[in-house]
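S.K.: Can you keep this structure in mind? I'll have questions shortly.
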Amino acid sequence: MRSRFQGCFTAIVTPMNPDGSIDYPSLQRLIDWQIGQGIHGLVVAGSTGEAATLTDEEQTELIRFVVKTVNGRCVVIGGASSNVTRQAIRRAEVVSDLGVDMLLSTSPYYNKPTMSGIVEHYRLQSAASKVPVIAYNVPGRTGSNITADTTRRLEDLPNMGGIKEASASVVQVLTVLKNRSRRDFHVWLGEDSHMLPLMACGADGLISVASNEIPGPLSKVAELALAGKTADAAAVFLKVLDLLEANFWESNPIPVKYILSRMGFVQEQYRLPLVPASDATKKRLDDLAASLGLYHV
């Protein structure tokens, strides 16, 4: 039986208005559609949600709004990242008090800490949180990698709920899965295209960009994979594989927000330094999305 912390979780975009403010009506429509399509959880104020350009106050209000809108219909994970440990502790105190099920915290970026520094960062942040903390390993954005050995050290911290693994190394994730000592330390994938192969090897699910656009198919892939029906899952997964890659033709979340705008869910608005996709990329995205029937939702 699938636990509530297994499956497909959407790293949901943050809809915005032309003046840069958060478009809450669009966010509510997107949330309701996601849940109606069977998504297992939402991750709010993460990289795909442009958290790096949101103030702490905006992140807090955004997470509070999502928790209220979801109203228990799926898992909600709130972003609580900072490369300053004292600030990460403060964000954990605030966000864990908003009704979320877990926190997601990016490994300290720019500083390039040692592995011991990363463990100490999470030790203090998780101790300050009222809910379990998920470490987010994304070397392409942080400049450092949480090694498999360090992930094993994080398991020993009592309030660490797991890791989102986006190292792009299949072998590293497999090593994390092989070395895992407790089942309540969840391993989520952060690379959409790695979803099925690594879930077949024991990963608990995916925190996804593409499920903004295709929550139904990716939730189905997760459910089939967790039930051991790998061939059935592959039949769905391979049909959408090109889209999983297309969302990174330009920096995330530029492509996914463009497609969602064409689907009628959000405005094509970003916060600088992100800007709209090039015309050439838009043409490629339109051709692919149309072939998948995404513009007929």
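S.K.: Is it the case that GLU165 is open to solvent by 50 Å² or more (accessible area, probe 1.4 Å), acidic (Asp, Glu) and either touching a Ser or Thr at 6+ places or on another chain (Cβ under 7 Å) or touching a residue at least 24 places away in the same chain (Cβ under 8 Å) (or both)?
M.R.: No: the conditions fail for GLU165.
Rundown of residues vs (1) under 20 Å from LEU54 (Cα atoms); (2) out of contact with any helix residue (DSSP H, G or I) (no Cβ under 8 Å at 6 or more places or on another chain); (3) open to solvent by less than 50 Å² (accessible area, probe 1.4 Å), yes/no style:
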site	(1), (2), (3)
ARG86	yes, yes, no
ARG91	yes, no, yes
PRO108	yes, no, yes
SER116	no, yes, no
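S.K.: Can you work out which of the residues in region 118-162 that are more than 22 Å from LEU206 (Cβ to Cβ) and of a type in the set (Gly, Ala, Ser) is most open to solvent (accessible area, probe 1.4 Å)?
M.R.: The extreme case among them is ALA127.
S.K.: Also, quick follow-up: Taking into account only those residues within region 22-40 that are of a type in the set (D, E, K, R) and in a helix (DSSP H, G or I), which is nearest to MET102 (Cα to Cα)?
M.R.: That would be ASP32.
S.K.: Out of all the residues in region 203-223, is one or more closer than 29 Å to SER278 by Cβ, among the aliphatic types (A, V, I, L, M) and free of Cβ contacts under 8 Å to residues at least 12 places away in the same chain?
M.R.: No, there is no match, as no residue in region 203-223 is closer than 29 Å to SER278 by Cβ, among the aliphatic types (A, V, I, L, M) and free of Cβ contacts under 8 Å to residues at least 12 places away in the same chain.
S.K.: Here's a follow-up. From VAL171, VAL187, VAL221, which residue is part of a helix (DSSP H, G or I) and open to solvent by less than 50 Å² (accessible area, probe 1.4 Å)?
M.R.: The conditions single out VAL221.
The values are calculated or read from the model by the stated rules, or taken from the named source; none is laboratory data. The structure displayed is predicted, hence computed values, not measured ones. When we count neighbours, we look across all protein chains shown, and the Cβ atoms used for this are built from the backbone with ideal geometry, even at glycine. Remember, those area values only see protein heavy atoms, side chains included, never the ligands or the DNA or RNA. Shrake-Rupley method; radii C 1.70, N 1.55, O 1.52, S 1.80 Å.
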